[in-house]
Amino acid sequence: MPTISTKNVAQAIYAAAKDKSGDELTRAMANAVEFLAKKNLLSKAPKILEDLENIHNADQGIVSAKVSSKTPLTKYTIDEIRHILKSRYKANEIVVHEKEDKSLLGGIRIEAKDEIIDLSLKNKLNKLHNYLLTN
């Protein structure tokens, strides 16, 4: 028997719930939960919800970015990151999740979509180190 991927389940739930509200949305969600229970997929609910969020964000033009830095970033810096990522990904909205990473020496590390933009001092020093060893 073929297995059902969490992404396929999330796509089906999104399609069933899209543009619905009120009682229609409640029925669609009840049917989704009943399906998950029947197929013994309730244990995969966190992954299905993550996939569902990604599908919704892609449909709405929303990009989620995790920004790591040694110290908290200023509002100006976060706004600049939003502006740059918005034009880079042609997104309607950028949602920034800040994370303090004490292992960084300085700079920032951005994870958005399937891309990592590493502007950290640690990465730059590693690149310089590798360059000096190979040249």
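What follows is calculated from the coordinates using simple rules that are stated; it is not laboratory data. Predicted model only: the values in this text are computed from it and were never measured. No Cβ is skipped: glycine too gets one built from the backbone with ideal geometry, and neighbour counts run over all protein chains shown.
If the cut-off is 21 Å between C-alpha atoms, which lysines fall inside it for LYS86, apart from same-chain ones fewer than 8 positions away?
The qualifying lysines are LYS66, LYS75, LYS99, LYS113.
Please list the equivalent ellipsoid semi-axes of segment 35-129, computed as the square roots of five times the alpha-carbon gyration tensor eigenvalues, in descending order and whole angstrom.
Computed over segment 35-129, the values are 31, 18, 12 Å.
I'd like the FRET efficiency for ASP79 and LYS20, computed as 1/(1 + (r/R0)^6) with the beta carbon distance as r and R0 of 25 Å, rounded to 0.05.
On the way: r = 35 Å, r/R0 = 1.38.
FRET efficiency, ASP79 to LYS20: 0.15.
For the chain, with a Gaussian network of springs between Cα atoms less than 10 Å apart, report the residue from VAL63, VAL95, VAL33 with the top mean-square fluctuation.
Of VAL63, VAL95, VAL33, the Gaussian network model singles out VAL33 as fluctuating most.
Report the label-to-label distance for VAL95 and GLU50 in nanometres (one decimal), using points 7 Å from each Cα along the Cα→Cβ vector.
1.4 nm
Calculate the FRET efficiency for GLU111 and VAL33 from the Cβ-Cβ distance with a Förster distance of 35 Å, rounded to the nearest 0.05. Each step should come with its number before you reach the end.
Working: r = 31 Å, r/R0 = 0.89.
E between GLU111 and VAL33, to the nearest 0.05, is 0.65.
Ignoring trypsin sites (Lys or Arg not before Pro) that are buried or in helix or strand per DSSP, and keeping those with at most 13 other beta carbon atoms within 10 Å, what is the longest stretch of the chain between them?
40-89
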